[in-house]
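This report refers to the structure that appears directly beneath it.
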Amino acid sequence: MDGIGLEVPQGAVYGFLGPNGSGKTTTIRMLLGLVRPTAGAAWLLGEPMPDAAPQVLPRVGALVEGPAFQPYLSGRANLVRLDAHDVTSDPRTLRRRADDALERVGLAAAAAKPYRQYSLGMKQRLGLAAALLRPRDLLVLDEPTNGLDPQGTREVRHLVRELADTGATVLLSSHLLAEIEQVCTHVGIMSRGRLLVQGPRDELAAADGVEIVVTVPADQLAAAAGVVARSGLGDVQVVDGRVRARSDTVGPSSGDAALEVPPGRVSAALVHAGLDLLGFEVRRPTLEQVFVQLTGEGFDVAR
Amino acid sequence: MSPADSHAPLPAPAEPARRRGAFARTVRAELRLVLGRRRNVVLLIGLALVPLLLGVVLYVTQSGAFAGQGPGFIGRVTGNGLFLVIASLFLCLPFLLPLCIGIASGDAIAGEASAGTLRYLLVVPVGRGRLLVSKAIGALVFAACAVLAVALTGLVAGAALFGVGDVTLLSGTTVSVGDGLLRVAAVVVYVGLSMTGLVAVGLFFSTLTEVPVGAMAATVVVAIVSGVLDQLPQLSAIHGGLLTHHWLDFAEFLRLEPDPGVLVQGLAVQAAWLLVFGSLAWARFTTADVSS
C-alpha cells in the first residue's frame with residue numbers, strides 16, 4: 001500500500017477499481033480507521049484517521065465488505081441498535097430517520113422481519129439503509145450491488161445518482177466495470193497496492209486515443225486507406241474489409257477538439273474523394289480496455 | 001484523500017455535538033441485545049431449573065433413607081427452604097455458572113467480530129473504549145442475572161416446598177427469618193461479585209479472536225483449571241490468588257460473626273483479576289485491527 005491519494009471532488013461519484021487483492025478494501029478499512037497503517041497515515045475528509053474518527057465518521061456512511069447485522073434482530077431493530085451507538089445522533093428523530101432510510105432502499109415492507117430471514121439482496125439494502133440513517137457528506141460503498149437482482153442493481157444505481165445530486169460524495173468500489181461506467185463521474189484504478197491512474201471518467205477513456213473505422217465497398221478499400229492515411233491518421237490498416245486507423249490525442253483531455261485529426265475532416269475527405277462511405281465509426285476505448293491495459297490480463301490474485 | 005490534494009476544500013462543519021445520555025443509550029441497546037438473545041435466555045432458564053430440580057428431588061426423597069444427607073448445604077434444605085438458595089449456588093459454582101458466564105462474556109466482542117457487525121459499530125462511529133465498557137456492562141449484567149436466576153427460583157421453590165423458618169447457622173446458633181434472609185442475600189451478592197473476575201477474563205479472550213466459541217471455551221477452561229490447581233496441595237503458595245479459590249467463602253455469611261477479613265480478601269482477588277484482565281482487554285481492543 002503506497003501513496004494512495006484518492007481525489008474525490010465533492011458531489012462526485014468516484015469509481016474505485018482494481019483486481020481482487022489489489023488493496024481496495026484495505027484502503028477503505030484504513031480510511032475508516034478499522035485498520036492502522038503499518039507506516040504512514042490515512043486521511044479522510046481532510047482529517048487524520050483513526051484519530052479524528054469521532055469527528056469525521058458521523059459524516060460518513062459506509063458499506064464495507066458486504067452487510068453484517070445481528071441475525072436475530074429485525075432490520076429496523078438493527079438500525080435502531082446502530083444509531084444507539086452514535087453519540088451525536090438524536091434519538092427523537094430516530095423513528096423518522098429509520099423509516100426514511102428503509103423506504104429509500106425499498107425495505108419498508110420487510111422492516112419487521114428478522115435479519116436472518118433476509119435474502120442477500122435485502123441484506124445489501126439494509127446495509128445501504130444503515131449508511132443513509134443520517135445525512136452524510138461522504139458515502140463509502142464497497143460493492144453495493146453484490147447479490148442484487150438486475151432490478152435491485154438499477155435501483156442502487158439510481159439511488160447513488162440521486163445521492164450525488166443532493167450533494168453527497170460517493171466512493172464506490174466495484175469490480176463491475178459496466179456499473180462504474182454507468183454511474184461514476186470519476187474513476188481511480190488500483191493494482192498491487194498502488195493507485196495507477198485516476199481522474200474524470202471521460203478523460204481516462206479518451207486518454208488512450210480513438211480508433212476510426214471506415215466501411216466502404218470492397219473494391220474501394222485501397223483508395224479509402226490512401227485517403228485516410230493522407231488525412232494524417234496513423235497506423236492505417238485494412239482488416240476484415242474495413243479500414244482502421246488511430247487518432248492519438250494530445251494529452252489527456254476529452255472531446256474531439258483535442259484530437260490531432262478531427263474525425264469529421266476524415267469523413268469529409270472520404271466523401272470528397274468520391275468513395276461510397278457505408279460506415280464511419282469513432283471508437284473510444286471502454287473503461288474495461290483501459291482497466292485491462294493497466295492491470296494486465298492475468299488471472300492471478302495480485303500479491 | 002490527503003488534505004493537500006483535495007480540489008474543493010469541504011466546508012468544515014461544526015464538530016458534531018455529543019448528546020447527553022448517549023452512553024446510557026448505548027448500554028441500553030447492549031442490554032437489550034444480551035438479554036433478548038434467545039441463547040442467553042435459554043441459559044438463564046437452564047440455570048433457574050437447577051434449584052427447581054434439586055428442590056423436587058429433595059422433596060420427594062425427604063422421607064427416605066437419604067433424608068438429611070448430601071454434601072454442602074443440601075442436607076439442610078428440607079429443614080429450611082432458604083437453604084435451597086445456598087445449596088443451589090453451591091452446586092452451580094464449580095461448573096454451570098462459569099459455563100454460562102463464559103459463554104456470554106466470551107461472545108461479547110468475538111461474536112460481533114465473527115458476524116462482521118463489529119466493523120459497522122466502529123464506523124458508526126463508537127469509541128472503542130466506550131464499546132468495550134458497554135460490552136463489559138452487558139456481560140456483568142448477564143452474570144448477575146445468572147446468579148439471580150439460581151437464587152430467585154431457589155428462594156421461591158424452597159419456600160414453596162419446604163417453608164421458610166428461623167435459620168440455624170453453621171455454628172449452631174439460630175437467627176430469625178429476617179436475619180437469615182439478609183444473610184442469604186449477602187451470599188447471593190458475594191457469589192455475584194465473585195463472577196466479575198471471570199467476566200473480565202472472558203472479555204479479554206473475546207478481544208483476541210473472531211471465533212466466539214474459542215473465547216467461550218478458553219474462559220471456561222480458566223475457571224476449571226483454576227479449580228484443579230486449587231486442589232493441589234503442592235501449589236498452596238499460589239492458592240490465595242486463584243480465580244476460584246475464594247468462591248466458596250460465601251459460607252462466611254452463615255457464621256454468627258462473619259469474618260470481614262476473609263470476605264475482603266475474596267473480593268480483593270476478584271478486583272485484581274478484573275483489573276488485570278480488564279486492562280489487557282482494553283489494551284488489546286483499543287489498538288487491534290478489525291479485519292473481519
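The values are calculated or read from the model by the stated rules, or taken from the named source; none is laboratory data. The model shown is predicted, which means the values in this text are computed figures rather than measured ones. Here the Cβ positions follow ideal geometry from the backbone for every residue, glycine too, while neighbour counts run over all protein chains shown. Accessible surface is based on the protein model in full, side chains and every heavy atom, while ligands, DNA and RNA are left aside. Shrake-Rupley method; radii C 1.70, N 1.55, O 1.52, S 1.80 Å.
Using Cα-Cα distances under 8 Å and only pairs 6 or more residues apart, what relative contact order does chain A have, in percent?
Working: 529 pairs, mean separation 68.5, N = 303.
Relative contact order, chain A: 23 percent.
Inside 10 Å of the C-beta atoms of A:83-95, what's the mean count of C-beta atoms belonging to other chains? Spell out each step's value before the answer.
On the way: counts 3, 13, 16, 9, 15, 8, 5, 2, 4, 1, 0, 1, 0.
Per residue, the number of nearby Cβ atoms from other chains is 6 on average.
Would the protein assembly as shown count as rounded, prolate or oblate if I go by the C-alpha gyration tensor, calling it rounded below 1.5 in a/c and otherwise prolate when a/b exceeds b/c, oblate otherwise?
In terms of gyration-tensor shape, prolate.
What FRET efficiency would be calculated for the residue pair B:VAL177, A:THR38, taking the C-beta separation as r and a Förster radius of 60 Å, to the nearest 0.05?
Computed FRET efficiency for B:VAL177 and A:THR38 comes out at 0.35.
Mind telling me which of A:VAL236, A:VAL183, A:VAL64 comes out most flexible in a GNM of chain A, alpha-carbon contacts under 10 Å?
A:VAL236
Put B:PHE90, B:PHE66 in order of accessible area, largest first, 1.4 Å probe: what do you get?
Final ranking, largest accessible area leading: B:PHE66, B:PHE90.
With r defined as the distance between the Cβ atoms of B:ALA271 and A:ASP99 and R0 fixed at 45 Å, what FRET efficiency is calculated, to the nearest 0.05?
Efficiency, from the Cβ-Cβ distance: 0.45.
Stretched out fully, how many nm does the piece from B:ARG19 to B:ALA65 gain, at 0.36 nm a residue minus the Cα gap?
Taking 0.36 nm per residue and subtracting the Cα distance, the gain is 10.0 nm.
Taking chain B as a Gaussian network, Cα atoms linked when under 10 Å apart, which of B:TYR190, B:TYR59, B:TYR120 shows the biggest mean-square fluctuation?
B:TYR120
Which three numbers, in whole Å and largest first, are the semi-axes of the equivalent ellipsoid of chain A derived from its Cα gyration tensor as √(5λ)? Could the numbers behind the result be given before it?
Details: eigenvalues 440, 90, 54 Å².
The answer is 47, 21, 16 Å, longest axis first.
Considering the convex hull of the alpha carbon atoms of chain B, report its projected area averaged over all viewing directions, in nm², one decimal.
20.0 nm²
Add -39500 (n - 2.57) for each DSSP H run of 4 or more in chain A, then divide by its residues: what number comes out at 222 nm, to the nearest 500 deg cm²/dmol?
-9500 deg cm²/dmol
Restricting to bridges with both residues inside the protein assembly as shown, how much of the DSSP beta-bridge set is antiparallel, in percent to the nearest 5?
Antiparallel bridges make up about 60 percent of those DSSP assigns within the protein assembly as shown.
Express the carbon and sulfur contribution to the solvent-accessible surface of the protein assembly as shown as a percent, rounded to the nearest whole number, probe 1.4 angstrom.
Numbers: 15820 of 26620 Å².
The nonpolar share, carbon plus sulfur, comes to 59 percent.
Alpha carbon centre of region B:165-244 versus region A:76-97: separation in Å?
38 Å
Based on alpha-carbon positions alone, could you give the equivalent ellipsoid semi-axes of region B:21-73 from the gyration tensor, as √(5λ), descending, whole Å?
Sorted largest first and rounded, they come to 41, 11, 7 Å.
Let me make sure I get this right: for region B:140-292, a, b and c are the square roots of the gyration tensor eigenvalues over alpha carbons, sorted descending. Under 1.5 in a/c it's rounded, otherwise prolate if a/b > b/c, else oblate. Which is it?
Cα axes put region B:140-292 in the prolate bin.
So for B:ARG37, A:ARG161, A:ARG230, what's the accessible-area order with a 1.4 Å probe, most first?
On the way: B:ARG37 70, A:ARG161 105, A:ARG230 185 Å².
Listed by decreasing accessible area, they come as A:ARG230, A:ARG161, B:ARG37.
Considering chain B as a Gaussian network with a 10 Å cut-off on Cα pairs, which listed residue, B:GLY127, B:GLY214, B:GLY55, attains the greatest mean-square fluctuation?
B:GLY127
Shape of region A:18-67 from its Cα gyration tensor (a ≥ b ≥ c, root eigenvalues): rounded if a/c is under 1.5, otherwise prolate when a/b > b/c, or oblate? Write out the running numbers ahead of the final one.
Values: a/c = 2.32, a/b = 1.30, b/c = 1.78.
In terms of gyration-tensor shape, oblate.
With a 1.4 Å probe and every protein chain left in place, work out the accessible area per residue of chain A in Å², rounded to a whole number.
For chain A, the per-residue accessible area is 45 Å².
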